[in-house]
Structures are given as C-alpha cells and as structure tokens.
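**Student:** Structure below; questions to follow.
The values are calculated or read from the model by the stated rules, or taken from the named source; none is laboratory data. Computed from a predicted structure; not experimentally measured. Don't worry about glycine lacking a Cβ; one is built from the backbone with ideal geometry, like all the others, and counts go over all protein chains shown. Just so you know, the surface numbers come from the protein's heavy atoms only, side chains and all, with ligands and any DNA or RNA stripped out. Shrake-Rupley method; radii C 1.70, N 1.55, O 1.52, S 1.80 Å.
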Amino acid sequence: MSLKIKQLTKTYSNGVKALDNLDLEIGVGMFGLLGPNGAGKSSLMRTIATLQTPDSGSIFFDEINVLEDQMSLRKVLGYLPQEFGVYPNLTAEELLHYFAQLKGIPNRIDRKKIVDEVLHITNLYEVRRKNVSSYSGGMKQRFGIAQLLLNNPKLIIVDEPTAGLDPAERHRFLNVLREIGTNHTVIFSTHIVDDVRELCHELAIINGGKVLYRGSKQDGEASL
Ligand code: ADP
Ligand code: ADP
C-alpha cells in the first residue's frame, strides 16, 4: 500500500500557489507531514481527499488513480478534516450506529460489532452513552477517528488533529493513532515538532508548497 504524489501544483483563485510541483511517496505506517501554518499541508490533504482539484500533477494509491477515480478512493479513504465537529445532541453510540447505517451496514448485529470495535480502539467505550456535543476537544477528535474507522479505510488522513488539545488529551490521542498506524497508511499533518518525534518513523517537512526534507525521523533530527 503506497501513495505516490507527482508534480502536484495548486494555485487558488487569489493567486496563492499553495502546492508547488510537490513530489512525495508514502508507505504503510505513521507518516508525519510537518510544516508551519500556511505551508500547504491542508491544501495537500484536501487534494488527496479529492475535495479540491489541483492545477496539475498525479496521485496514485496503489492502483487507484486518485484524481481520475474518486469513487474508488472514497471506498478506501478515511479523512479527518481540521474543522470536523458539529454534532447533534446524540450519544457517540447513537451517532456511530447512524453513520454505520449510512455507510451501508444494514444488519443491527453487524453494526453493533463494528461500532463497539471502533469505540474500543479510540478508548471511548466507557463514554459511549454521553452526548458527543458534551465531549472535550480530545474526545471529539477521537470520535472523529472512530467514525472514519467504520469504513475500514486503508488510507487515513488526519489534518492537524492535536491543535488546541491539552497535554493529557494530546497524549491519549497520539496513543490511538500509534495503534492505528501499525496496519494502516496514516498521514498526520502537524506544525508541532514533538508530535512527529513521538509518533512517526517517516516524515516530510514542507513549506511554500514544496518538500524540504523527506526521510526517516533519525536522519531528519538535524532538520527538526
Ligand atoms: P478555489 O480557488 O479552490 O475555488 P476559493 O478561493 O474559492 O478556492 O476558496 C474556497 C474556500 O476557502 C472559501 O470558503 C474561502 O473562504 C476559503 N479560503 C479563502 N482563502 C483562504 C485562506 N487563505 N485560507 C484558508 N481558507 C481560505
Ligand atoms: P497549512 O495547512 O500548512 O496551514 P494551507 O494549505 O492551509 O497550509 O495554506 C497554504 C497557502 O494557501 C496559505 O498561503 C493559505 O493562506 C492559502 N490558502 C489555503 N486555502 C486557500 C483557499 N481556499 N483560497 C485561497 N488561499 C488559500
């Protein structure tokens, strides 16, 4: 399972070139996309998730031509955008059952199995009967992971998930991601160097829509 991005360029209507001929290859595991605000991280992630179209370039995930075949991509993608988070007054369990139904899991027993599983993975099982709207920021982010796992995605993209979390919540969130990173391709964007230090084996540092460094965390320590 690998993601191959070639010569990706994106210019917004205001003339800002957010991605500038960007090349990147990402395999299984926790991959850190590190860069300051405005570096182009969200633009890259939205483009991979096919929420916006680049000016030019190509993206392949295994055999899937991402930019040409959005349907196939959507089946294998789990995307947690930066601004995820408007919730009706429903419990985590109710919402996940509802999402699972939307995702086409019709049988109640199958739904319960997968919903319980994602609640356990994200450490939300104990609080499954609480309204998501009453959750802390960190719990909401973990709920965001729970809902994307319902798809059983192969490729997971999380955009700045630790922004605004207190240290304890951040720690809990990173532990959940670490677990998921053992058998998924996870792209994790952040401007926090310690997130990458604690979590990722491989990373890219991007700025100005370009990759400044791509390699292992050990080799990259000098750049961090
Ligand atoms: P496009 O060129 O892809 O059509 P637009 O310029 O129409 O993009 O903007 C799309 C959305 O992004 C709008 O909702 C806009 O408010 C928002 N947006 C505009 N400028 C910025 C910015 N600098 N950073 C983040 N979001 C922005
Ligand atoms: P990051 O996620 O690393 O903070 P972004 O991809 O959000 O970076 O932004 C890259 C550049 O593109 C910034 O200069 C930002 O202001 C601009 N930008 C992002 N989204 C839009 C948009 N929708 N319309 C216009 N400019 C945008």
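**Student:** Under 18 Å from Ala49 (Cβ atoms) and open to solvent by 20 Å² or more (accessible area, probe 1.4 Å): does that describe Gln101? Please lay out each step first, then the result.
**Tutor:** On the way: under 18 Å from Ala49 (Cβ atoms): no; open to solvent by 20 Å² or more (accessible area, probe 1.4 Å): yes.
No.
**Student:** For the range 176-204, enumerate the residues that are touching a helix residue (DSSP H, G or I) at 6+ places or on another chain (Cβ under 7 Å), surrounded by fewer than 22 Cβ atoms within 10 Å (Cβ to Cβ) and in a loop (DSSP other than H, G, I, E, B).
**Tutor:** The one that is touching a helix residue (DSSP H, G or I) at 6+ places or on another chain (Cβ under 7 Å), surrounded by fewer than 22 Cβ atoms within 10 Å (Cβ to Cβ) and in a loop (DSSP other than H, G, I, E, B): His201.
**Student:** Regarding Ile121, is this residue closer than 30 Å to Leu8 by Cβ and open to solvent by less than 80 Å² (accessible area, probe 1.4 Å)? Before you say what the answer is, go through the steps one by one.
**Tutor:** Details: closer than 30 Å to Leu8 by Cβ: no; open to solvent by less than 80 Å² (accessible area, probe 1.4 Å): yes.
Judged against the criteria, Ile121 is not a match.
**Student:** Those residues that are in contact with a helix residue (DSSP H, G or I) (Cβ under 7 Å, 6 or more places away or on another chain) and surrounded by 20 or more Cβ atoms within 10 Å (Cβ to Cβ), I need them from the range 39-72; list them, please. Lay out the reasoning, then the answer.
**Tutor:** Within the range 39-72, the subset in contact with a helix residue (DSSP H, G or I) (Cβ under 7 Å, 6 or more places away or on another chain) is 50, 52, 54, 59, 61, 64, 66.
Listed by number, the residues that qualify are Pro54, Ile59, Phe61, Ile64, Val66.
**Student:** Filter the range 124-134 for residues that are open to solvent by less than 60 Å² (accessible area, probe 1.4 Å) and among the basic types (Lys, Arg) and give the result.
**Tutor:** Taking the range 124-134 first, the residues open to solvent by less than 60 Å² (accessible area, probe 1.4 Å) are 124-125, 127-128, 131-133.
Hit for the range 124-134 is Arg128, nothing else.
**Student:** Which of the residues spanning the range 148-194 are in contact with a Gly (Cβ under 8 Å, 6 or more places away or on another chain) and acidic (Asp, Glu)?
**Tutor:** Those that are in contact with a Gly (Cβ under 8 Å, 6 or more places away or on another chain) and acidic (Asp, Glu): Asp166, Glu169.
**Student:** When you go through Leu34, Leu8, Leu22 one by one, which is the residue that is out of contact with any Gly (no Cβ under 8 Å at 6 or more places or on another chain) and of a type outside the set (Ser, Thr, Tyr)? I'd like the intermediate steps shown before the answer.
**Tutor:** Values: Leu8 fails: out of contact with any Gly (no Cβ under 8 Å at 6 or more places or on another chain); Leu22 fails: out of contact with any Gly (no Cβ under 8 Å at 6 or more places or on another chain).
One residue alone meets the criteria, Leu34.
**Student:** Would you be able to tell me the number of residues in the range 11-38 that are within 19 Å of Gln82 (Cβ to Cβ), open to solvent by 50 Å² or more (accessible area, probe 1.4 Å) and more than 15 Å from ligand 2 (Cβ to nearest atom)?
**Tutor:** Total meeting the criteria: 0.
**Student:** Here's another thing I want to ask about it. With the structure loaded, tell me whether Phe173 is in a helix (DSSP H, G or I), buried (at least 23 other Cβ atoms within 10 Å of the Cβ) and not β-branched (Val, Ile, Thr) or whether it fails that test.
**Tutor:** Working: in a helix (DSSP H, G or I): yes; buried (at least 23 other Cβ atoms within 10 Å of the Cβ): yes; not β-branched (Val, Ile, Thr): yes.
Here the answer is yes, as Phe173 does meet what is asked.
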